[in-house]
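Some notes on the structure that comes next.
The values are calculated or read from the model by the stated rules, or taken from the named source; none is laboratory data. Computed from a predicted model, the values in this text were never measured in an experiment. Here the Cβ positions follow ideal geometry from the backbone for every residue, glycine too, while neighbour counts run over all protein chains shown.
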Protein chains: 2
Amino acid sequence: MKILFDTTGLDLGVKEVIEGAILSKEELNIEPTLVGDEDIIRPILNEIGMDMNILDAKEIITNEEEPAFAIRRKKDSSIVVAFNNLNEYDAFISCGSTGALLAGGMFMAGRINNVKRAVLPTPIPTINGNTLLIDSGANMDVDADLLVQFAKLGTVLKQVTEGIEKPKVGLLNVGVEENKGNALTKEAFLKLKEADINFIGNIEGRDINKHLCDVLVCDGFVGNIILKNTEGLAGFIMTLLKSKVISNLSDNAKLEVMQSLSPVVKTLDYREVGGVLLLGLKKLVIKAHGASDRNAIKNAAKSALLMHENKLIDKIENSFRGEI
Amino acid sequence: MKILFDTTGLDLGVKEVIEGAILSKEELNIEPTLVGDEDIIRPILNEIGMDMNILDAKEIITNEEEPAFAIRRKKDSSIVVAFNNLNEYDAFISCGSTGALLAGGMFMAGRINNVKRAVLPTPIPTINGNTLLIDSGANMDVDADLLVQFAKLGTVLKQVTEGIEKPKVGLLNVGVEENKGNALTKEAFLKLKEADINFIGNIEGRDINKHLCDVLVCDGFVGNIILKNTEGLAGFIMTLLKSKVISNLSDNAKLEVMQSLSPVVKTLDYREVGGVLLLGLKKLVIKAHGASDRNAIKNAAKSALLMHENKLIDKIENSFRGEI
């Protein structure tokens, strides 16, 4: 498997991406190519004493730039160069601007036939396993038909990556009853019931972390707010615990608590899970978090490998064949 | 001040409401009247050895009933009887169906002139004080003009109840930049900037608990999901803490942690705050939580007293005078 690694966008810098690519090569037997500024990459490779293919790209698209505009204008950015060469590779892993990756993915890699939009599926932590939240931020304004597409995309992804035969699909809503919700979710409920998926009904906000379903469908506006609320609230609760509980403890008790607390913090950090696939594109494009380290980069490559070997793209193509 | 107390809808039963009304009378000097089934209320009053005015109402509207339908059909329910008599009282406190209270409020008590919808403002806990989330579930489908009205209603409520001169208003959104969001929030941003309020811009999901603003505006669908997500996630984190941290501790450390943990749990429970006002109506109608005890009922009465003495309804009328 040939994977393109974007060397830009990582908080820890270019070298950490390169180390991640090396780990991927050694442990996963994939063939890595780096995309980024060769004048920066080459000296690091020399220093490490490794050689690796490089696609030279001198520009960087930042998170602050308007994505579609940046894609058109920065022809020599790592993201544009990657998409221009993606036909020769099986996957692209980048910590760059999500918006630019989506724009590049839609305009340059292209959507799978009959798939109307690319989506961001983010795994939400639960007490046992995860629920895939779709869409977690790519599509702000959607209609009921799109929500049904999100459900189908998520279904195939869960089948391929976790081997779940009939993933349970829920609709994020304000009540469990069929007639609850806004105009969008009321219409979507009826269409999801008719769709060829395992739709189990509405899921309320209080049940998101209870793993009642494998795929949880919502528009990207609500999905983004939920994800960030989860992150913010986890931080808020940890702050409360530190100021109101831990600070009051005896030294011994404090030590005991701190030792067990870090796995809990890790469970709550949905970013730990690794990369998020831009789902619905003709190519495997994975957005890794800017705060990733070399292991997280390798984990993103591992996800890509799993999807590649299990023919995710082909299976989505099949699932959407004949779709209007 | 004359307050009507609905004796139905409380998990702890009729007697607990009556005790709450008695506390309100004794501590707040308000004049309580009970609305509910006199055949049930009278024996309890006799047992306690108290007398109190009663509006007899034999029926109960449950949470499962379609609100508008129930309001039309159950003429002898405590909620309908209360609204039919509300002109003679200053406020109505009920633990009954939120939907039925909203329907009754809109159709029977009526909206303040130029206020298009009644809203549910729920205080979200933060590390210091609270942010009022408006709307937290009354209005599923809204437009930008309605969001501006929510901002104005929340502004007056914060001024009256907390004495904040120029409450900061934020718009819940997916990014801080002006051009971020869905069609609704993009349009609302522009209108909020022009409105006669202290608009500070977009607030992201991760910052909801940081008290960056006093009033946080969103549609009732998103607001409901956020509130319930907050509740669910707090429960999930507590479960994680119990299974992964507390259960590993020595007995001494466990005891220490458990002693300090309960105020944290209380802080996270937005329901603890007491009742939620149905904001925008011509009368003070407060929905108290079904899990309330007598003290929570008294706290709801205390809120009502504060709003009454500070002429909340008059001030909203003034604020909306001349509004189109």
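For the range A:217-229, the condition of being under 23 Å from the mean Cα position of the chain (by Cα), surrounded by fewer than 23 Cβ atoms within 10 Å (Cβ to Cβ) and without any contact (Cβ under 8 Å) to a residue 40 or more places away in the chain holds for at least one residue.
Kindly establish whether residue A:93 is surrounded by 18 or more Cβ atoms within 10 Å (Cβ to Cβ) and closer than 21 Å to residue A:303 by Cβ. So residue A:93 fits the description; yes. Check the range A:288-302 and report whether any residue there is farther than 19 Å from residue A:20 by Cβ and in a helix (DSSP H, G or I). Scanning the range A:288-302 turns up no residue that is farther than 19 Å from residue A:20 by Cβ and in a helix (DSSP H, G or I).
Looking only at residues of the range A:259-269 that are of a type outside the set (Val, Ile, Thr) and surrounded by 13 or more Cβ atoms within 10 Å (Cβ to Cβ), we find that the one that is nearest to the other protein chains (Cβ to nearest Cβ) is A:260. Of all residue pairs spaced 6 or more apart or on separate chains, those with beta-carbon atoms under 6 Å, a first member in the range B:266-278 that is charged (D, E, K, R) and a second member that is surrounded by 19 or more Cβ atoms within 10 Å (Cβ to Cβ) and at pLDDT 65 or above are B:271/B:289. Among residues of the range B:123-139 that are on the phi > 0 side of the Ramachandran plot, those with a beta-carbon under 7 Å from a residue that is surrounded by fewer than 20 Cβ atoms within 10 Å (Cβ to Cβ) at least six positions away or on a different chain give the pairs B:129/B:211. Of all the numbered requirements in (1) at pLDDT below 95; (2) touching a helix residue (DSSP H, G or I) at 6+ places or on another chain (Cβ under 8 Å); (3) within 7 Å of another protein chain (Cβ to nearest Cβ), residue B:246 misses one, and that requirement is (3). For the range B:22-40, the count of residues that are in the same structural domain as residue B:300 (by the TED database) and within 19 Å of the chain's Cα centre (by Cα) is at least one.
The set of residues in the range B:303-324 being of a type in the set (Lys, Arg) and at pLDDT below 95 consists of B:321 alone.
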